[in-house]
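Every number here is computed from the coordinates shown, using simple stated rules; none is lab data. Every value quoted in this text rests on a predicted model; they were computed, and no experiment measured them. Virtual Cβ from ideal backbone geometry, glycine too; neighbours counted across all protein chains shown.
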Amino acid sequence: MNRTFFIETYGCQMNFSDSEIVHSVLISAGYTPIENYKEADIILMNTCSIRDHAEQRVLNRLKEFSFLKKKKPHLKIGILGCMAERLKEELMLLQQSVDLVVGPDAYRNLPSLLNTVESGEKAVNVLLSEEETYAEIEPVRVGDNQVSAFIAIMRGCENFCAYCVVPYTRGKERSRDYETIVNEAQKLFDQGYREITLLGQNVNSYQYNDVNFAQLLARVAEVNPLLRVRFATSHPKDLSDELLQTMSQYPNICKAIHLPIQSGSDAVLKKMKRKYDTAWYLDRISAIRRYLPDCSISTDIIAGFCSETEEDHQNTLNLMETVGYASAFMFKYSERPDTFAAKNYPDDVPENVKSRRLTEIINKQQELSLKSNQSDVGKTFEVLVEGVSKKSNKRYFGRNSQNKVVVFNHTNEKIGDYIQVQITDCSAITLIGKRL
Ligand code: SAH
Ligand code: SF4
Ligand code: F3S
């Protein structure tokens, strides 16, 4: 019997990458992916638990799927990913329509779990593994990006930042065999991809036998000079000079570093258990500037963590100014059940104060992004052409090495081409230029 499945993915790039593994596992087992969920025999949601809002979005969407199931009783609904891991069997008690709960290390088991579900029972596998890296599974690339692809190089996290659910949902840190990574990069290049992003919760702590992250990066960059290499996310504690040196030696390793600071206050960083202070972080920023003068730096910031004072908040705004981030992801602190912070600190910054601080952080970043883009006006960048601009089909867009979106008038370039663009104008989010 030919069964069809539909996957909807939430959360970080790692989850999107996992969905590509799930596609691969299910297709190998004889299932067929389809794009319209209303026609699917199986609906899978690959979920995120990072903030309460992320879980609420999943639960709201699940209502729609459950409604569909009332009209179509043979439909099976499965929850994958971080919510599956966090809530385990409880998810099925809370949500009657859910047939299947599968954590991020159990996707090889999906076909046999689906067999159980087909027979009318419910199925759960939320075992975390210390070894699983899905190393040899060839992901099925979904979505319509033919230029840029992601390669997961490590899984899990054991930093246990006080606020964060990831170590509980993703398990122990483990690195994938570097040869399988280099082979996958080569294959993607041969298929026409021109950019890959190496993924992990802490990519720069990658270590496989005697290969560290800087060495892996060099190996991947050597696949072909026309293959751009990016990576995310780096943890400030492991940002080594060796890594920066390697980046400076290969023009195709993109000059963009995402380095989450979370807070500009040493007292807050300590409570967050981030393992660095602002002096360490700023020393790493100086090192980036020294080795890679044209590197863009972006970050993540949490507003209103437990006991954050007005002065702590001001320190965050000051640090943003000092670094001059090109862009940032900014969030209100959301308490996650069972984390160190939830068990040990009261979530005591009032909601309206959190909101106001977040707005100030966003406004500050808006200013800094504009400033950063303005400093690029007049410069010429190599741009990898990615597609047609959303606003006008006469315009195309691509990215420069610094990961900034560049929009230009389309002439004869094709998606996947490298072109030279001189920047003539900008907003806080995009650079606008003309092809040279
Ligand atoms: N491993 C990466 C980040 C993964 S989660 C790192 O350590 O840098 C992505 C971002 O979500 C984090 O950087 C943090 O800014 C934010 N985040 C994580 N837990 C959060 C919480 N409980 N409330 C609000 N934001 C959170
Ligand atoms: Fe979460 Fe910290 Fe691990 Fe990042 S390093 S995933 S913030 S625990
Ligand atoms: Fe969310 Fe899990 Fe990623 S909690 S951010 S999907 S690792």
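Once you reduce the range 97-174 and the range 1-16 to the center of their Cα atoms, the two points are 11 Å from each other. Extending 7 Å from Cα along the Cβ direction at residue 360 and again at residue 388 yields two label points whose distance is 4.5 nm. Shape class for the range 100-185: oblate, because the ratio a/c of the largest to smallest gyration tensor axis (alpha-carbon atoms, square roots of eigenvalues) is 1.5 or more and b/c is at least a/b.
Taking every DSSP beta bridge that has both ends in the chain, the antiparallel portion is near 35%. Which of the three applies to the range 26-164, rounded, prolate or oblate, going by the alpha-carbon gyration tensor with a ≥ b ≥ c and a/c under 1.5 meaning rounded? The shape class here is rounded. Have a look at 432, 180, 77 and report the one farthest towards the positive end of the charge dipole of the chain, computed about the Cα centre with Cβ charges (Lys/Arg +1, Asp/Glu -1). My answer, from the dipole projection, is 432. If the chain linking residue 109 and residue 74 were pulled fully straight, counting 0.36 nm for each residue of separation and taking away their Cα-Cα distance, it would gain 10.5 nm.
Could you tell me which Cys residues in the chain have no other cysteine's Cβ under 4.7 Å from their own Cβ, answering none if every one has a partner? That list is 12, 48, 82, 157, 254, 295, 306, 426. Rounded, prolate or oblate, given the Cα gyration tensor of the chain, with a/c below 1.5 counting as rounded? Here the chain falls in the oblate category. For the range 15-94, a simple Cβ point-charge model (Lys and Arg +1, Asp and Glu -1, everything else neutral) yields a dipole of about 420 debye relative to the Cα centre. The value of relative contact order for the chain, using C-alpha pairs under 8 Å at least six residues apart, is 10 percent.
Extension gain for the segment residue 35 to residue 414, taken as residue separation times 0.36 nm less the Cα-Cα distance, is 133.8 nm to one decimal.
Each Cα pair under 8 Å and six or more residues apart adds its separation to the average, and for the range 201-247 the resulting relative contact order is 49 percent. Subtracting the Cα-Cα distance of residue 226 and residue 142 from 0.36 nm times their residue separation leaves 28.0 nm of extension gain. Here the sum of -39500 (n - 2.57) over DSSP H runs of 4 or more residues, divided by the residues of the chain, equals -11000 deg cm²/dmol at 222 nm, to the nearest 500. In a simple Cβ point-charge model (Lys, Arg +1; Asp, Glu -1; nothing else charged), the range 319-436 has a dipole of about 440 debye relative to its Cα centre.
Across the options 26, 159, 240, the greatest Cα extent toward the positive end of the charge dipole of the chain (unit charges at beta carbon of Lys, Arg, Asp, Glu) belongs to 26.
Expressed as a whole number of Å, what is the distance separating the alpha-carbon centroids of the range 356-432 and the range 21-46? The range 21-46 and the range 356-432 have Cα centres separated by 35 Å.
Take the Cα of residue 434, step 7 Å toward its Cβ, do the same at residue 129, and the gap between the two points is 5.5 nm.
When +1 charges are put on Lys and Arg Cβ atoms and -1 charges on Asp and Glu Cβ atoms, the dipole computed for the chain relative to its Cα centre reaches about 1160 debye. Measuring r between the beta carbons of residue 122 and residue 60 and using R0 = 25 Å, the FRET efficiency lands at 0.65.
Only lysine pairs 8 or more places apart or on separate chains count here, and in the range 156-282 those with Cα atoms under 19 Å apart total 7.
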